[in-house]
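Peer 1: Here it is, the structure, as C-alpha cells.
Nothing in this text is a laboratory measurement; each read-out follows from the coordinates by a stated rule. Quantities reported herein were computed from a predicted structural model and do not represent experimental measurements. No Cβ is skipped: glycine too gets one built from the backbone with ideal geometry, and neighbour counts run over all protein chains shown.
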Amino acid sequence: MRRLPSWFWLILALVFGTTATVMALGWLKGQSQQQAQKQPAIKLRPVVVAAKDIEAAQSLAPEQVVIRHWPQESCPPGSFTRPEEVAGRVAASQFKAGEPILEVKLAPQGAMAGLTALLDPEKRAMTVKVDEASGVAGFLAPGNRVDVVVTIDKGDFNKDPVSKIALQNLKVLGTGQSIERRPGDKPQVVPTVTLEVTPEEGERLALAAREGHVSLALRNHLNQEAVPTSGVKTTHLVAGPAGLKGVLSGGGNGQTGVEVIRGPYYRKKKEEKLLEKLTQQF
C-alpha cells in the first residue's frame, strides 16, 4: 500500500483543527447569548453632571453641565435629568468634573450669584483683617470652621495683656486680600477672612477686631462642641510659685529697698474682676 505524503497529513490536521475551533467558538457564542437573555436589561436614566470644576457661588451655565446615563437604581437622590432644570441656579458648594448636580448643593431658587448664595438665611457675612500667622498661614478654605481668639493689651489690660476665645465654630465663607492705606505710608496688602455670623456674633466680632488683635484657630469639621474658657493673662504664663513674697532688692544701684508683693488672694480677686469684665464684653 502506497504511503501518503507528509504534507497530506499536515493539511488534514489543519482542517480538523480549524473545524474544532469554529465549533467551539460557536458553542461559546451560543452560551453567552443564552446568559444575556436570562439577565434582565439594566435601565438607564439621564443625570446632569458637571462638565468641569464649578466653584461655589457661581451661576450654572449650559456649557458647564452635560448629560450622563446612570443605572436607574444607583441614581443619587435630588439629581436632575435635563440641563434646563439647573440653568441659572447658583452652586452653594464646589462641584468636581463628573459630579452629579444635586438640589442639596444648590442655593434656593432665585438666589443671586455671589457670596449671598452661601449664607444661611438667618446669618450674615463679616470680613476681618488677619495676618499670615493669625490667619492659620494660608490653610483656611471656604467651609472650614474656626474659633476667634482676641488678645487685648490696652485699658485695664495694658500692663497685663489677656487672650480669650470670643467666638467659636464660625464658618469660613471665603479668604482674600484688601489694600489698606495709611497716611504717610505706602499701600499695604492685608489678608482678610470672611466669616458667617449671627447678628449678635457680628457685634462681638466687630468689638474684638477694634479692641484687640484677632487670631483664628482652625477646628476639626467633626468637632462642633463649644468649650467654655476663662481666658489667660500674661502673669499666668510667667508666674512663679504662688504665695506671699517679700524680698530685699538693691535695684542694681547700691541702694537697699524693700519690695512688697501682695498675697495670692488679692491678686486672684483682682484677676477675677478683670476677667469678669472681659467676659461681659465678649
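Peer 1: In debye to the nearest 20, how big a dipole does segment 44-116 give about its Cα centre with +1 on each Lys and Arg Cβ and -1 on each Asp and Glu Cβ?
Peer 2: 60
Peer 1: Just in segment 59-131: which GluC sites (Glu not before Pro) are loop by DSSP and have at most 12 other Cβ atoms within 10 Å?
Peer 2: Glu122
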